[in-house]
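Input: a single structure, listed below in C-alpha cells.
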Amino acid sequence: MRVSPQKARLVLDLIKGRGVEEALNTLAFTKKRVAATVEKLLRSALENANYLSAEKDIDVDVDKLYVKSAIANDGPRMKRIRPAPMGRAFCYVRRISHIELVLAERGGGSE
C-alpha cells in the first residue's frame, strides 16, 4: 500500500492480539486512511479461514480467531523529482509498505 510503514504500524498496533470481531470494530472507528485497507485485508483473511473450513475440511472455528501478528515492512521506494525555483530540482521519496496479517485460533479451555 502507498503509505509509510510508520503510519501503517500505528493502526496495526491497535488490533494486535484482539479477536477478529473486536478488531473489525476498532478499524471501523479509526480515523486513519490506512484503516480501511487494513479492514479489507482482515476481511480477506477471515474469508480465507472460512474457505479452509468449508472446502478443504480443515477444522477452523471462526469465532475463536484472533489477530496473531500484524506487521508493516518497507516496500520499494518511489523516488520522484519536483521542479524548484531557478531551474533546480527537489527530490522526494514516496514510501510503500507491505502489510502482513496472521490469524490464529485461540486455545480451548484454559483461556
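The values are calculated or read from the model by the stated rules, or taken from the named source; none is laboratory data. The structure presented is a predicted model; accordingly, all values stated were derived computationally and were not measured. Glycine also receives a Cβ, built like all others from the backbone with ideal geometry; neighbour counts cover every protein chain displayed. For the accessible areas, the whole protein counts, side chains as well, though only heavy atoms, and no ligand, DNA or RNA atoms are used. Shrake-Rupley method; radii C 1.70, N 1.55, O 1.52, S 1.80 Å.
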- Message: Please go through region 21-40 and give me each residue that is under 16 Å from Ser97 (Cβ atoms) and open to solvent by 30 Å² or more (accessible area, probe 1.4 Å), ordered by number.
- Response: Lys32, Arg33, Ala36, Thr37, Glu39, Lys40
- Task: Identify, by number, the condition in (1) in contact (Cβ under 8 Å) with a residue 60 or more places away in the chain; (2) open to solvent by 60 Å² or more (accessible area, probe 1.4 Å); (3) among the β-branched types (Val, Ile, Thr) that Ile99 doesn't meet.
- Result: (2)
- Those residues of region 48-65 which are outside any helix (DSSP H, G or I) and surrounded by 10 or more Cβ atoms within 10 Å (Cβ to Cβ) amount to Ile58, Val60, Asp61, Leu65
- Message: What pairs come out if I take residues in region 70-90 that are surrounded by 10 or more Cβ atoms within 10 Å (Cβ to Cβ) and pair them with residues that are polar (S, T, N, Q) and outside any helix (DSSP H, G or I) whose C-beta lies under 7 Å away, six or more apart or interchain?
- Response: Ala72/Ser97; Asn73/Ser97; Asp74/Ser97; Gly75/Ser97
- Task: Output the residue which, of all residues in region 1-20 that are farther than 23 Å from Asp74 by Cα and either β-branched (Val, Ile, Thr) or assigned to a loop (DSSP other than H, G, I, E, B) (or both), is most open to solvent (accessible area, probe 1.4 Å).
- Result: Arg18
- Filtered residue count, region 52-70, keeping only those that are over 19 Å from Ala23 (Cβ atoms) and at pLDDT 85 or above: 0
